[in-house]
Amino acid sequence: MQKPILEVNGLKKYFDIKGGIFGRSVGSVKAVDDVSFTVQEGEILGIVGESGCGKSTTGKSILRLIEPTEGEVKFEDKDITQLSGEDMRKLRRNMQIIFQDPYASLNPRHTVEKIISEPLLIHGMTDAKERKDRVKELLEVVGLSGYHASRYPHQFSGGQRQRIGIARALANNPKLIICDEPVSALDVSVQSQILNLMEKLRDQFNLTYVFIAHDLSVVKHISDRVGVMYLGRMVELTEKDKLYDDPKHPYTKALLSAVPLPDPDIEKDRVILEGDVPSPSNPPTGCAFHTRCPLAMDICKEVRPQFEEIEDNHFVACHLYDETAQ
Amino acid sequence: MKWKHSFLITLLLAFMLVLAACSGDGSATTNEDEPENNSSETEENDSTDEGDAAAEDDGEEQVLIFARGGDSESLDPGSTTDGESSRITRQVLESLLEFDDESFEVKPSLAHDWEVSDDGLTYTFYLEEGVTFHDGTDFNAEAVKVNFERWSDPEHEFSFADDGYVYSMYGTMFGGYKGDEGHVIDEINVVNDYEIEFVLNKPLGFFLQNMAMTYFAITSPAALEEYGPEINENPVGTGPFQFVDWSKDDAITLEKFEDYRIDGLPKLDRVVFEVIPDNAARLIALRSGEIDIMDGLNPDDAAGVESEDGLVLHTRAENNFGYVGFNAQKPPLDQVEVRQAINHAIDRQAIADALYAGYANPAKNPLPPSYMGYNDEVEGYEYDIDKAKELLAEAGYEDGLEIELWTMPVARPYMPDPETVAEIVQSNLSDIGIDVSIVREEWAPYLEKTLQGEQEMFMLGWSGTNGDPDYFLSSLLHGDNVGSSNRTFYENDEVDELLDQAKVSVDQDERAELYKQAQELISQDSPMVTLVHSTPVLATTDAVVNYVPHPSTSESLAEVELQ
Amino acid sequence: MFAYTTRRLLMLIPVLIGMTLITFSIVHLIPGNPAQVILGETATATAIEDLEESMGLNEPYFVQYSIYITDLLQGDLGTSLRSKTAISTEIWPYVAATFELTIFAMLFAVIVGVNAGIISAWKQNSWFDFLAMLFALIGVSMPVFWLALMEQWVFAQQLDWFPSSGRQNNRDPMQPITHFYVLDSLIHLDFARTITNLKHLVLPSIALGTIPMAIIARMTRSSMLEVMKSDYIRTVRAKGSGQFLVIYKHALKNALIPVLTVIGLQTGVLLGGAILTETIFSWPGIGRYVYEAINYRDYPVIQSGILVIAFIFVMINLIVDLLYKYIDPRIKY
Amino acid sequence: MSEEILNINELHTHFFTDNGEIPAVDGVSISVNKGEVVGIVGESGCGKSVTSLSIMQLVPSPPGKIVSGSIEFKGENLVRSSKKRMKQIRGNEISMIFQEPMTSLDPLFTIGNQLREAIRLHQNVSKKEAIRKSIEMLKLVGIPRAEEVIDEYPHQLSGGMRQRVMIAIAMACDPEILIADEPTTALDVTIQAQILDLMKRLNEEKETAIVLITHDLGVVAEICDRVVVMYAGQVVEEGTTREILKDPQHPYSKGLIRSLPKIHERDQKLYSIPGTVPKPKMGMVGCRFKDRCEFAYDRCFEENPALYSIEGNRRSRCFLSDDPEKVVTENAEANIGS
């Protein structure tokens, strides 16, 4: 392993809830609540979790598309939360994002050429001819053809649009790409195409991905390491094989067992969790998962478990692995 | 299910509305005495339920509805110059004298007789006895004195100056207020209860005309005491009708004053003055029988009304004129030839025909023809382009010239469509090589700037109030009035002299002669193009009898009845 | 609900302050010296000066404004220059007249508009839909004064079904209590008069309500069509319910939310349109009051009148907001 | 167990749009037995949802219209049924739940109101009785605090809870068939597990047949007895769940299964089907899958493959399965067509 390209320490993002007669802040949604992890160069870090767990907010906070409330985000050892708007803008060429809904993120009135060349222009490629060539090159890289450049987004299928989104992200040779549910809107047969493309591009351009998804199979397939989030917190983070073969956190276990597998032969010992995910505006005290945890202990209600490395490169936030608690 | 119910309720409501409309109509029909008759002559008979109720209840109440375009400003006649106000106060209050039915000839009213001293400085009025105001107080000389003092003296207890009362018509007609240099009334002496004497400090040729104006009608002193500044909404006089109710911008209701000084009058039990701002809507109301008299008929509709069964067309005598004025001190209009040339170039008859549907006469004098001293011998300016060109050449403008014409932004009875008149003038003048550019200003700046002489040519008109020539000629053309009401900046010492003499003379024949001379001079000097005297038209249903419109716009309804 | 209402009410304060400032400024931008206009073309220069002084028009604007605001806070709307009466006492009959007309016009607009919109959406592309939308298009583009005159001509002059002008039969007027004449006649227990008064309301209400009616019809139709495509309507159908329940219970209530906005806004537009309607039908309402005041340059009345109209508009929108909250449980702060 | 209660035969549902006639469902035949769970699998646009809406006669019209074919529910052809009869059937004998629990409930009415409505539409019971039954249904689908929830509005509930409410509404009148159109797609996996568990339980307890429309083969494996795979408006393969998942015959089914990332297998190169799903249009010639199929040969471009019977109830619409000895099905279909 080389040096980490991205280091996230104690990241928090609280959204205020307005209320009362004067519309004051009466509380906050703790969308991301003290999350820390590192990403190595060339690595794919998967982040999984159910809706509302804060995985998307984490991704956007890293790029400061949402200003984090607290914590630091170090990109190549530089704390980007402290950067000025102008410096941040320059840095963005190294950090890109791909969104879930490729249609919503592409301006329907612009041609593909315009969409892809816009970031080029912003980052100083002023020569039109040069831009045009680059757009063609990028389209070919993502498996489209140069002649697609003059078309509009609605003329493409979902998978093709996602390819356009990827081409736009790649335009300025970024080092890090945050992938926010890039394949969840796609059909299975197209999903595999995009996943393969992304893997290919990673190898080709030595990219680093933070791959955010709710589909455990997809994350497993593409990631090197996987972090599991629940209610704004990271509950487990380790290499993917370790995580899938030997999950430590009860939530990870339940999550994995809930995934329906397209194989009638696998007999599973299914853990079906009771109830819903609690509201992030009013998370349970102690361990956020204790309300649904089949193994909850008294301490879980009161003390928030530390996110600790319990085995080599295997981080878990659970009192079951807390030696002092047991 | 809540919403299903609410929908049903709304449907029901809609149905009820329709039902209400229909059943209302139906019940009205059953009320009528002769339903067959009604159905056979729907058009002629004013057949709304409302109309019928009044028209057919012959033996009972006679209610007349008089509709006009705007509401009254104030029912205290002295405090306003508004014609819509005097129309009402004419019924409620009376002046010492009054005008004849169709002219400005004065005749007795509250004063049955009067005397003028030879020097023209003392006027003595003999008042009617046994007259009471509507509130029961007696009418006497003291009451007259209180009223006149109230208007002339801002310090007077009933002057209400602090409440914004200004008696501007008094100031205009009597030369100012108490203490002012031009104020003509020196003192008012109560000789006895029924005899009052006005002493002037200089003669005023139209003093008697003034005394007949509706603006100087006598209010009950007790009412002034009682209502204070609210007298403007509670008029109490000696007139044939007494005030009942005023619903602003809607209707003013008057009812018969049982103790009116003339027996048998008034004939109507009730008069309602209703406001219907839109001329077309007012005519519809007249046709459907909702109203009995409508003022302010569009000249274009007059022919239709005249030929329509059930409606009667009336005209008022001309009491105004519209004109195109010259700024006689601004080159090139300071040359009389130019002014005369323009006068010859404008086709008055065409304007009268185009804009007044024929209900207007081309004017050769500023004075309306019915006025004392009207000079019919003045030749006037024929529509003659060759003559005009000749005159223009004489003045040195054979190659033509450029000139500005300011057009009035508002319509007035004497000028119902100023924009079109301006265009006609523009086209007329282009025939003799004058290039006219039309200037448009808002009304208030228009009045202000023309007063300051910024204009070259402009459009305006004048309406009479007290039926005296002085009000027309002095105001508009006396050199002393330059900068106030004389917007032509016309100054002719000879004319000024004639007008001054006429103003102080008390011999009406002499006055007439002086005014005739003045008109002759004015015509020669051509300070303005007198365009037309418009004849206001109005309509009534044929049920209205004895209705005689007066040129001043206010006529008594005492004699009017409904058939 | 209480907190929401209170908060909405508090939010009115800056709006109201802004309103007074704007009305005051606009009124003073009207060109022309009011004294000159009041006295007309026959006035002398001294008379104009005197009047100016007595009206306080010589003071600088900000002094006039601060006096205006101070008075306003004490419920004093000033005195009309024309009638020399306190506006606060004079204005009520006008406000009541306009309110009465507005209420009936909106009743007409909402009842007819919403139902036409519903049926159009229900029978999309049918002849009814086609005709209703054609009428709506005509209705939107119809000049109010022309419609009003046509109504008078047809229904008052030719058919003689309804009176052409006024609020009541002026040959036999009634002693007003609230100045809502329909209500007053009911209080007097004089039902024949109620019918007469309602008949007076018919033509002006239709004239005034036609444009809002057309807009509401179109809005309801498109909103209904939108809602009819929604998942929850499909659910209701899947439950086996009939068309009526689908439309009048579920679709209508949902479709009404955007329509409500339009109703609120249209009521404002309608207040503006009232000047024309009130003039043609000689309805002595607030629009006429302000119109006459403008002609007369009666500054205090113009200010107060516009302020009152703006206030009514703000109030209607407050009511609409509160209705949202009532209809839609999802709305929070 | 083998009593057939629903038989869709050669169903054609077309959409008449500005761009022409689109055969969204192009000759689909599916049968469902009492108490059976049948999965209809396919990618978006394959016609699976339109098929389910056709059963309920809820295809938005215009532009949609059932052009031909029959849907027999216990011998009664629903395509020919009156509107009145359909109202009786919907929600009572055949119920349906939808993909989006977030938007499938009317936001302006309480849960209780909407549930009660479903009950009272088909059962002549008092309001009070309907409320009692509503609470009972909510408890049956595992909603805690049922007495309170009936007075709450949809936005106060989570997606999983709303889908339970939808199921409660659908099950309120004990239908014989429950059509579930992607019931768990919008839900998180842990919630999905709960809902699938609930559906399975209801299927077993109440013997309600379930037609489960999904794109997720995992969900199919979880609860379906039999699977129908659809592609571009047609059924391409049919068989038991085990058969389809373990031994797919049609190249599309094969590709679909191979392209899934597998959670319990170690690093594999993910297979992907090249190209994209063709948009259905009138008069397509040849196999719909031919452009993406690695086995495609001349015949695939010239003829339309029939649904060939393989063994038992297994069928596949591929010339590879066109065993001349087993042309029975083809002939049978030809007979129906004529």
Inter-centroid distance (Cα atoms) of segment B:443-497 relative to segment D:101-172, Å: 86
Mind checking how much accessible area C and D bury in total, 1.4 Å probe, in Å² rounded to 100? 2200
What are the principal axis extents of the Cα atoms in segment C:189-325, in Å, biggest first? 65, 37, 26
Separation of segment B:354-392 and segment C:260-291 by C-alpha centroid, Å? 46
Any chance you could tell me what percent of the C-alpha pair distances in segment C:262-333 go past 20 Å? 41
All alpha-carbon distances of segment D:126-253, grouped into 5 Å bins from 0, give the whole-percent distribution 2, 10, 19, 19, 17, 13, 8, 5, 4, 2, 0, 0
Cα gyration tensor of chain B diagonalised, 5x eigenvalues square-rooted, in angstrom largest first, produces semi-axes 43, 35, 21
Can you check what the Kirkwood hydrodynamic radius comes to for segment B:494-551, Cα pairs only, in Å to one decimal? 14.7
How much accessible area per residue does chain B have, counting only protein heavy atoms and a probe of 1.4 Å, in square angstrom? 38
Eigenvalues of the Cα gyration tensor times 5, then square-rooted: what semi-axes does that give for segment B:195-282, in whole angstrom, largest first? 29, 18, 16
Looking at segment D:273-288, which residues lose a minimum of 40 Å² of accessible area between their chain alone and all protein chains in place, measuring with a 1.4 Å probe and not counting ligands or nucleic acids? D:T276
What is the pair-distance distribution P(r) of the protein assembly as shown, computed from all Cα-Cα distances in 10 Å bins starting at 0, with each bin given as a whole percent? 1, 6, 11, 13, 13, 11, 9, 9, 9, 8, 6, 3, 1, 0, 0
Just to be sure I understand the curve: with the Debye formula and one point per C-alpha of segment B:95-215, what is log10 I(q)/I(0) at q = 0.11, 0.14, 0.22 Å⁻¹? -0.37, -0.61, -1.46
With 24 Å as the limit, write out which pairs from A:K248/D:K262; A:K55/D:K279; A:K30/A:K55; D:K65/D:K281; B:K389/B:K516; A:K3/A:K175 have Cα-Cα distances beyond it, or answer none. A:K55/D:K279; B:K389/B:K516
Apply the Kirkwood formula to segment B:379-517: the hydrodynamic radius equals the inverse of the mean of 1/r over all pairs of different alpha-carbon atoms; give it in Å with one decimal. 17.1
Quick one: if you stick a label point 7 Å off each Cα along the C-beta vector at B:H112 and D:Q123, how many nm between them? 10.2
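Per residue of B:248-255, how many C-beta atoms from partner chains lie within 10 Å of its own C-beta, taken as a mean?
Partner-chain Cβ atoms within 10 Å, mean over residues of B:248-255: 6.
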Per-residue mean of other chain beta-carbon atoms within 10 angstrom of the beta-carbon, peptide A:181-193? 6
Computed over the Cα atoms of chain C, the Rg and Dmax in Å are 23.4, 84
Along each principal axis of its Cα atoms, how long is segment B:128-276 end to end? Whole angstroms, biggest number first, please. 45, 34, 29
Accessible area per residue, 1.4 Å probe, Å², for chain D: what's the number? 41
Under 24 Å from B:K178, Cα to Cα: lysines that are on another chain or at least 8 residues apart: B:K145, B:K202, B:K503, C:K84
Given the -39500 (n - 2.57) contribution per DSSP H run of 4+ residues, what per-residue ellipticity at 222 nm results for the protein assembly as shown, rounded to the nearest 500 deg cm²/dmol? -13000 deg cm²/dmol
Can you give me the distance in nm between label points at D:K65 and D:R242, each placed 7 Å from the Cα along the Cα-to-Cβ direction? 4.6
Please report, for the Cα atoms of chain D, the Rg to one decimal and the Dmax as a whole number; what are they, in angstrom? 20.7, 67
Give me, ordered by chain and number, the residues 5 or more places off B:I434 or on other chains with an amide H under 5 Å from its own placed amide H. B:L401
Could you tell me how many cubic angstrom of Cα convex hull volume segment A:96-251 has per residue? 119
For segment A:193-311, the Cα-Cα pair-distance distribution in 10 Å bins from 0, as whole percents, is 11, 37, 33, 15, 3, 0
Once accessible area is computed for A alone, D alone and the pair with a 1.4 Å probe, the total buried surface, to the nearest 100 Å², works out to 3600
Table column - 3J(HN,Hα) (Hz), segment B:208-216, Karplus curve with 6.51, -1.76, 1.60, x for Gly and Pro: 5, 4, 4, 5, 8, 6, 5, 5, 10
Kindly express, to the nearest 10 degrees and within the range 0 to 90, the angle between helix C:2-29's C-alpha long axis and the longest C-alpha principal axis of chain C. 40
Interface size between chain C and chain B, please: total buried accessible area, 1.4 Å probe, rounded to the nearest 100 Å². 5600
Report in % the part of the accessible area of segment B:95-215 that belongs to carbon and sulfur, leaving out ligands and nucleic acids; probe 1.4 Å. 40
So, for the Cα atoms of segment D:104-171, Rg and Dmax in Å stand at 10.6, 31
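How much length is gained if the chain between B:L521 and B:D507 is pulled fully straight, taking 0.36 nm per residue apart and subtracting their Cα-Cα distance, in nm to one decimal?
Numbers: separation 14, 0.36 × 14 = 5.04 nm, distance 2.17 nm.
Length gained, B:L521 through B:D507: 2.9 nm.
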Provide the descending list of Cα extents for segment A:6-321 along its principal axes, expressed in whole angstroms. 67, 58, 41
Label point distance in nm, C:I17-C:N295, each placed 7 Å from Cα along Cα→Cβ: 3.8
Considering only protein heavy atoms and a 1.4 Å probe, what is the carbon-and-sulfur percentage of the accessible area of segment B:320-534? 41
If Lys and Arg each add +1 and Asp and Glu each add -1, what is the summed charge of the other residues whose beta carbon sits under 10 Å from the beta carbon of B:D71? -3
Would you kindly find the accessible area of A:K129, with a 1.4 Å probe and non-protein molecules such as ligands, DNA and RNA excluded, rounding to the nearest 10 Å²? 130
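Report, to the nearest whole %, how much of the accessible area of chain D belongs to carbon and sulfur atoms, 1.4 Å probe, protein only.
Working: 6560 of 13760 Å².
Answer for chain D: carbon and sulfur cover 48 percent of the accessible area.
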So for R0 = 25 Å, FRET eff. of B:D384-B:D353 from the Cβ-Cβ r, to 0.05, ends up at 0.85
Hey, what's segment A:6-321 come to in accessible area per residue, 1.4 Å probe, Å²? 41
What do you get for the angle between helix A:188-205 and the principal long axis of chain A? Use alpha-carbon atoms, 0 to 90 degrees, nearest ten. 80
Between A:D133 and A:S184, what FRET efficiency comes out of the Förster formula 1/(1 + (r/R0)^6) with R0 = 22 Å and r the beta carbon distance, rounded to 0.05? 0.10
For helix C:252-280, report the angle its Cα long axis makes with the longest principal axis of the Cα atoms of chain C; keep it between 0 and 90° and round to the nearest 10°. 30
For segment B:289-372, alpha-carbon Rg relative to the globular expectation (2.2 N^0.38 Å, N residues): 1.50
Probe 1.4 Å, all protein chains in place: accessible area of C:H188 in Å², nearest 10? 80
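The values are calculated or read from the model by the stated rules, or taken from the named source; none is laboratory data. Just so it is clear, the model here is predicted, and its values are computed rather than measured. Every residue, glycine among them, receives a Cβ derived from its backbone with ideal geometry; neighbour counts consider all protein chains shown. Calculation scope for accessible area: heavy atoms of the full protein, side chains included, ligands and nucleic acids excluded. Shrake-Rupley method; radii C 1.70, N 1.55, O 1.52, S 1.80 Å.
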